[in-house]
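A short worksheet on the structure shown next.
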Amino acid sequence: MAALPLVPALVVSGFLGAGKTTLVRALLERAQRDGVRVAVISNELGELGIDEALLSGGGASESFIELAGGCVCCRLSDTLIETLQLLYERVKPDRVIIETSGVALPFETQLNLWREPVNAWIGDDAAVVVCSAAQLAEGRDLDGTFEEQVSSADLVVLSKLDLLSPADQALARAALAERVSGVPIVEAVAGDLNPDLLFPPDPDALRARRRHQGHSPRPHSHERFVTELLEIPSGADPEALRERLVGLGALRVKGFVQGAEGTLLVQGVGNRVEIGPLGAGRDARALGTLVVIRRAAGHDEHHDHEHDHG
């Protein structure tokens, strides 16, 4: 019997009022249009106000659960595990989104995703931290919790730039750059962000799309980003491959390769590239092909690698 597909999980964090809920709502609207089933856990039900129509194939009562009275990264960590398992069994989601409270730490929340029994079905996980441009420009509350959140982010989203003057936009970008090192920063207005950055597409789906488009390989472009396929020969050395992938300057990398001692799972967000053995009972789809998501040429200083896809 084929193993059940693994479910990617996204932890959305950020300081109070940063725009987390706006991002989650935009992701749900895009998922509804694309026919993708999403399960959501949130500490902030009052701000989110999910409409049943936003959840593909089911009502909000089935696919959305609020956890109140503490943070999912600590006090409610056991409750988070129980709730994730409940949603998985009840909804069978394609994706999971966990919106933390404004004071939660994303990495501490991610650690819970590696616990039993959810580690049997959760695939790759990523933490996105939303930062308010206004907060940065004004220099408000940039110590303590804010610093801890951005320091453990896999991807940082700079929000609400459209509400500022050009001068204040420059202040916000500079303030964020001072506090974030080695982590990709993307900008989003009203939470409009390419979901491929957060949930990379399945290589099989990309290949099927190319079959319909014709035989000439073409990257799939969306907004300021480009999705490419990178072919990796069998016998890849994990350390050499990791160095190569970090050197690409990619925002996201995902896929399976054949190493000297077996199949390897590759998952990368920014400079965090993890390469390890594929777990027992898990299927490797499109073996030897990695999905690589980078900024489109003109927005990425690493665009000289544009033609690395197969």
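Need at least 3 residues that are within 23 Å of Val246 (Cα to Cα) per element, so show me which helices (runs of 4 or more DSSP H) inside region 97-174 make the cut, counting only ones lying wholly within it.
Numbers: elements: 106-111, 133-138, 145-151.
Once the helices (runs of 4 or more DSSP H) in region 97-174 are filtered for at least 3 residues that are within 23 Å of Val246 (Cα to Cα), what remains is 106-111, 145-151.
For region 6-21, name all the residues that are surrounded by 20 or more Cβ atoms within 10 Å (Cβ to Cβ) and either free of Cβ contacts under 8 Å to residues at least 60 places away in the same chain or not in a strand (DSSP E or B) (or both). I'd like the intermediate steps shown before the answer.
Start the filter on region 6-21 by keeping residues that are surrounded by 20 or more Cβ atoms within 10 Å (Cβ to Cβ), which leaves 7-15, 18-21.
Matches in region 6-21: Phe15, Ala18, Gly19, Lys20, Thr21.
Keeping to region 212-248, report how many residues are over 25 Å from the mean Cα position of the chain (by Cα) and modelled with pLDDT under 75. Walk me through it before giving the result.
Within region 212-248, the first condition is being over 25 Å from the mean Cα position of the chain (by Cα), and the residues that meet it are 212-217, 233-237.
Remaining after also requiring modelled with pLDDT under 75: 212-217.
Within region 212-248, residues that are over 25 Å from the mean Cα position of the chain (by Cα) and modelled with pLDDT under 75 number 6.
Quick one: Gly279 ticks every box in (1) over 29 Å from Val24 (Cβ atoms); (2) assigned to a loop (DSSP other than H, G, I, E, B); (3) of a type outside the set (A, V, I, L, M); (4) modelled with pLDDT of 50 or more except a single one, so which number is it?
(1)
Within region 177-198, identify whether any single residue is surrounded by 14 or more Cβ atoms within 10 Å (Cβ to Cβ) and in contact with a His (Cβ under 8 Å, 6 or more places away or on another chain), and answer yes or no.
Checked against the condition, which is being surrounded by 14 or more Cβ atoms within 10 Å (Cβ to Cβ) and in contact with a His (Cβ under 8 Å, 6 or more places away or on another chain), region 177-198 yields at least one hit.
The values are calculated or read from the model by the stated rules, or taken from the named source; none is laboratory data. Not measured: the values here are computed from a predicted model. Positions of Cβ are backbone-derived with ideal geometry, glycine not excepted, and every protein chain shown enters the neighbour counts.
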